[in-house]
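The values are calculated or read from the model by the stated rules, or taken from the named source; none is laboratory data. Quick caveat, the model's predicted, so the values are computed rather than measured. So basically every Cβ, Gly included, is an ideal-geometry build from the backbone, and we count neighbours across all protein chains shown. What goes into the accessible areas is simple: the full protein's heavy atoms, side chains included, and nothing from ligands, DNA or RNA. Shrake-Rupley method; radii C 1.70, N 1.55, O 1.52, S 1.80 Å.
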Amino acid sequence: MKQAKLSILCASLIAATSISAQADTDFKFGGYVKADVMFSDYSNGAPDSGSLSRQFYVPGTIYGDSSNGKQVVDFQARESRFNFKSSTDIDGHKLVGFIELDFMTHTDGNERVSNSYSPRIRQAFLSFDNWAAGQMWTTFQNPGALPENLDFVGAADGTPFVRQTMVRYTNGGFQFSAENPETTVNSYRALDGGELKSSRITSGSGMVPDFVARYNMKTENGMAFTFAGIARQLNVEQDNYDTSEFGYGVSFTGVIPVGQDDIKMSATYGDGLGRYMALNYANAGVLDAKGEIETISSYGGYISYRHWWNDKWRTSITGSGFKADNNASLTGGTVNKQSYSGYINLLYSPVKPLTVGIEYMYAQNERENGTDGELNRVIFSMKYVL
């Protein structure tokens, strides 16, 4: 058995050597190790241990549980991640493979003994010249314009934030993609304890991909801007529902150098955007009395200013917000209406790969009936980029 395994290993090495001899291939390992300590104060009581809001700020998850205490501390290293990338030049063509994993969002572990959490796929894609296919950031989002915050997302209210499988074509500054469709809408309201309420319906039965077009531009003085548009079909085919509607959105991001400092910003508007904005804080539409989809308009954005005190110390100040124009007569009053958050931090890098820092963040979420939740959080982090 050992000889058989050795023979297979030798054959694999010979094959790899043969491929390397015929093509110029580079292999890279990357990622980072990050440890966070978060002191949080929830106005309505903290969510349970292990809840998503206890890992990072997710709009809509901070309303809390009144049966729990308001002040909690969480230690975690779950944001740590690793990735592998191969890049090969073959006969004048560029072939790239990339896969990245981290340990966020899972509830398959706990804090009682081992804090063991399964890795999850963040990105997994391949590209050949101008074409790419696999799971990656939606073309509607520009991750390069996100502010440098210690919170996992930072400005979650005001940014598109989706990773999903797609096919993308890039030519110069233009990008076009067909991406995985998924519809989230509110059900038609129902009377529950004297209040009109609706629940989320998630439907993956659509046959039309989400289509995105984007243009990236850079100026001679270092400014970078993106303009993106999305068109999507909202589709619900389950139970007694069979309905579809058109949704769309536009988004702008900018990165503007100011001497050694920089300003990062984003502005997004759409009708039927739903899950693409603010981590699905609001849905794309609501079903009316006839079972038809009525789209929900929404808009959001953020602005962040980063100041370098010197080559090792820096501070980012960020403000972010989102609002949905719900039809409360259809959705009821328990749906999310608006959210905003603010951040200020101080980061120190004694050497380039290492960053330690402290950040204060405040967030408020409000439902259509006026119910709100507030979160005050102080984050201490240490991060080593591999």
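Within region 156-208, the set of residues being at pLDDT 95 or above, outside any strand (DSSP E or B) and under 26 Å from S339 (Cα atoms) comprises A156, D157, G158, T159, F161, V162, P181, E182. Under the condition of being within 21 Å of the chain's Cα centre (by Cα), surrounded by fewer than 19 Cβ atoms within 10 Å (Cβ to Cβ) and among the aromatic types (F, W, Y), the residues counted in region 343-372 number 2. Among the residues of region 310-360, the one identified as among the aromatic types (F, W, Y) and within 20 Å of S80 (Cβ to Cβ) is Y348.
Which of the residues spanning region 30-48 are open to solvent by 30 Å² or more (accessible area, probe 1.4 Å) and either farther than 30 Å from I99 by Cα or free of Cβ contacts under 8 Å to residues at least 60 places away in the same chain (or both)? Even if it seems obvious, please write down each step before you answer.
Filtering region 30-48 for residues open to solvent by 30 Å² or more (accessible area, probe 1.4 Å) gives 33, 35, 37, 39, 41, 43-44, 48.
Residues satisfying the conditions are F39, D41, S43, N44, D48.
Residues that are among the acidic types (D, E) and buried (at least 24 other Cβ atoms within 10 Å of the Cβ) within region 299-327 are absent altogether.
The residue of region 129-145 that is farthest from G357 (Cα to Cα), among those that are under 10 Å from the mean Cα position of the chain (by Cα) and touching a residue at least 40 places away in the same chain (Cβ under 8 Å), is T138. Would region 126-148 turn up any residue that is part of a strand (DSSP E or B), open to solvent by 50 Å² or more (accessible area, probe 1.4 Å) and either among the aromatic types (F, W, Y) or at pLDDT below 95 (or both)? Looking through region 126-148, at least one residue is part of a strand (DSSP E or B), open to solvent by 50 Å² or more (accessible area, probe 1.4 Å) and either among the aromatic types (F, W, Y) or at pLDDT below 95 (or both).
Say whether the condition of being buried (at least 19 other Cβ atoms within 10 Å of the Cβ) and either under 17 Å from F56 (Cβ atoms) or under 20 Å from the mean Cα position of the chain (by Cα) (or both) is met by at least one residue in region 328-336. Yes; the residues of region 328-336 include at least one that is buried (at least 19 other Cβ atoms within 10 Å of the Cβ) and either under 17 Å from F56 (Cβ atoms) or under 20 Å from the mean Cα position of the chain (by Cα) (or both).
Filter region 229-260 down to residues that are in a strand (DSSP E or B) and among the polar types (S, T, N, Q) and give me whichever is surrounded by the fewest Cβ atoms within 10 Å (Cβ to Cβ). Reasoning before the result, please.
From region 229-260, those in a strand (DSSP E or B) are 229-238, 241-258; that's our starting set.
Filter once more, so that each one left must be among the polar types (S, T, N, Q): 233, 235, 238, 243-244, 251, 253.
Working: Q233: 17, N235: 21, Q238: 11, T243: 19, S244: 17, S251: 26, T253: 26.
This residue is Q238.
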